[in-house]
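Asks: Got a structure here, written out as structure tokens. Questions coming.
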Amino acid sequence: MTYLTEGAGRVIAGDITAVFHATDTALLTSARVTSSVLEGTADSGMHPRAKQKLLERLSQGYGKLLEGRKEMVQAHSQMVVLQRQSNLETVDFGCWGAPATFFVSADSPTRERSAASV
């Protein structure tokens, strides 16, 4: 069994929440930049090839941000599993848990209550 302090669990929960907020902000800002480029260059006379290259680069950057967010979702799922296997199984840190049926056995009502623990 993994032994964690409740303080460490709360710090980790706060940090993972901050990561998701920061990533979402980066995605929103990236979408705004793309919109700004489209609006700002609408009547600029920019060659279509130059604009295409710019939009493709912006799209690739956005895609990498989104892929990074996906990896953080997977890391968060693993954190939930680790917490449930630790001495802090029943502590609710107030961040998102996995869906109620995720990593839950039918014969363990305690696990269902702790589905939103991490």
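Asks: Can you give me the accessible area per residue for segment 1-82, using a 1.4 Å probe, in Å²?
Replies: 69 Å²
Asks: For segment 65-81, just list the computed ³J(HN,Hα) in residue order, Karplus coefficients 6.51, -1.76 and 1.60, θ = phi - 60°, integers in Hz, with x standing in for Gly and Pro.
Replies: Values per residue, Gly and Pro as x: 4, 5, 5, x, 5, 4, 5, 5, 4, 5, 5, 4, 4, 5, 4, 4, 4 Hz.
Asks: Let me ask you something else. Can you check what the net charge comes to around ALA22, using other residues whose Cβ is under 12 Å from the Cβ of ALA22 (Lys, Arg +1; Asp, Glu -1)?
Replies: Net charge around ALA22: -1.
Asks: For VAL80, VAL91, VAL11, give me the order by solvent-accessible area with a 1.4 Å probe, most accessible first, ignoring ligands, DNA and RNA.
Replies: VAL11, VAL91, VAL80
Asks: All other residues with a Cβ under 12 Å from the Cβ of LYS64 taken together, and with Lys, Arg as +1 and Asp, Glu as -1, what is their net charge?
Replies: Result for the local shell: +1.
Asks: Separation between the THR5 and ASP43 pseudo-spin-labels, each 7 Å from Cα along Cα→Cβ, expressed in nm?
Replies: Once both label points are built, they end up 6.3 nm from each other.
Asks: Per-residue HN-Hα couplings for segment 13-22, Karplus 6.51 cos²θ - 1.76 cosθ + 1.60 at θ = phi - 60°, whole Hz, x for Gly and Pro?
Replies: 4, x, 5, 5, 5, 4, 4, 5, 5, 5
Asks: Dividing the alpha-carbon Rg of segment 1-98 by 2.2 N^0.38 Å yields what?
Replies: Expressed relative to 2.2 N^0.38 Å, the Cα Rg reads 1.58.
Asks: I've got another one for you. Can you send over the carbon and sulfur percentage of the accessible area for segment 1-64, probe radius 1.4 Å, protein chains only?
Replies: It is 59 percent, rounded to a whole number.
Asks: While we're on this one: Per 0.36 nm of contour for each residue apart, how much would the distance between THR34 and LEU55 grow if the chain were fully extended, relative to their Cα-Cα spacing?
Replies: Once the chain is fully extended between THR34 and LEU55, it gains 6.9 nm.
The values are calculated or read from the model by the stated rules, or taken from the named source; none is laboratory data. If you're wondering where the values come from, they're calculated on a predicted model, not measured in any experiment. In this analysis, Cβ positions are derived from the backbone assuming ideal geometry, glycine residues included, and neighbour counts consider all displayed protein chains. Protein only, heavy atoms only, side chains kept; ligands, DNA and RNA dropped before computing areas. Shrake-Rupley method; radii C 1.70, N 1.55, O 1.52, S 1.80 Å.
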